[in-house]
1. For the structure I just gave you, tell me whether residue 106 is part of a strand (DSSP E or B) and of a type in the set (Lys, Arg).
2. Just the residues that are surrounded by fewer than 13 Cβ atoms within 10 Å (Cβ to Cβ) and closer than 17 Å to residue 19 by Cα, please, taken from region 131-148.
3. List the number of the failed condition for residue 81; all other conditions in (1) touching a residue at least 12 places away in the same chain (Cβ under 8 Å); (2) outside any strand (DSSP E or B); (3) over 11 Å from residue 32 (Cα atoms) hold.
4. Is it fair to say residue 92 is among the acidic types (Asp, Glu), assigned to a strand (DSSP E or B), out of contact with any Pro (no Cβ under 7 Å at 6 or more places or on another chain) and at pLDDT 95 or above?
5. When you scan region 129-145, how many residues do you find that are modelled with pLDDT under 95 and under 21 Å from residue 77 (Cα atoms)?
6. Is it the case that region 110-126 has a residue that's out of contact with any strand residue (DSSP E or B) (no Cβ under 8 Å at 6 or more places or on another chain) and part of a strand (DSSP E or B)?
7. If you check 87, 119, 70, 56, which single one turns out to be surrounded by 13 or more Cβ atoms within 10 Å (Cβ to Cβ), in contact (Cβ under 8 Å) with a residue 24 or more places away in the chain and over 15 Å from residue 143 (Cβ atoms)?
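The values are calculated or read from the model by the stated rules, or taken from the named source; none is laboratory data. Quick caveat, the model's predicted, so the values are computed rather than measured. Heads up, the Cβs are rebuilt from the backbone with ideal geometry, glycines too, and the neighbour counts pull from every protein chain shown.
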Amino acid sequence: MGRPEHREGFRFLEHTGDAYIEAYGKSLSEAFANSALAMFEVMTDTSKVEPKIEESVEVEGHDLESLLYSWLETLLVRCDIENRLYSKFIVEILDGERERPSLKAKIYGEDYDPTRHTSKTEVKAVTFHMMEIKCSGGYWRLRFLLDL
């Protein structure tokens, strides 16, 4: 497969048959936003997805791993149901305000247009397999596997 693809905010790690992604950021919110961008980059060229439509998303989890899973799964389901792609994410993590970690986000995208949006790979599901969330020196790193 060669060298892992790298882009600001995330990179694709080598994995046979699935998409193994590392997203990062100076804050947990930034890392979560980059994880969403990376997932949509697996599906299409996100640079061609215009932020025409703004939507709100709220999810919660039992811990940070389940919050990441819920976040990505919610976006994937919304993409499938609405036939919409997203390319911009503004995330606010609310882990201190409730018993369980949660997030609020504004997501931006547009309806899928086959004449402008390249179809790369279909993401079937988000998984907990190989999921890691770590903070070191104030820098967050999220790793997760997408079932293709």
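1. Details: part of a strand (DSSP E or B): yes; of a type in the set (Lys, Arg): yes.
So residue 106 fits the description; yes.
2. 132 - this is the single residue of region 131-148 that is surrounded by fewer than 13 Cβ atoms within 10 Å (Cβ to Cβ) and closer than 17 Å to residue 19 by Cα.
3. (1)
4. Details: among the acidic types (Asp, Glu): yes; assigned to a strand (DSSP E or B): yes; out of contact with any Pro (no Cβ under 7 Å at 6 or more places or on another chain): yes; at pLDDT 95 or above: yes.
Yes; evaluated as a whole, the condition is true for this residue.
5. First pass over region 129-145, keeping only residues modelled with pLDDT under 95: 129-130, 136-139.
With under 21 Å from residue 77 (Cα atoms) added as a condition, the list becomes 129.
Count: 1.
6. Here is the first cut: in region 110-126, the ones out of contact with any strand residue (DSSP E or B) (no Cβ under 8 Å at 6 or more places or on another chain) are 113-116, 118-120, 122.
Those still in the list that are part of a strand (DSSP E or B) too: none.
No: zero hits.
7. Values: 119 fails: surrounded by 13 or more Cβ atoms within 10 Å (Cβ to Cβ); 70 fails: in contact (Cβ under 8 Å) with a residue 24 or more places away in the chain; 56 fails: surrounded by 13 or more Cβ atoms within 10 Å (Cβ to Cβ).
Only one candidate passes the filter, namely 87.
Residues are listed down the side, and each one gets a yes or a no for (1) modelled with pLDDT of 95 or more; (2) surrounded by fewer than 19 Cβ atoms within 10 Å (Cβ to Cβ); (3) touching a Leu at 6+ places or on another chain (Cβ under 8 Å):
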position	(1), (2), (3)
23	yes, no, yes
27	yes, yes, no
31	yes, no, yes
36	yes, no, yes
66	yes, yes, no
96	no, yes, no
107	yes, no, yes
112	yes, yes, yes
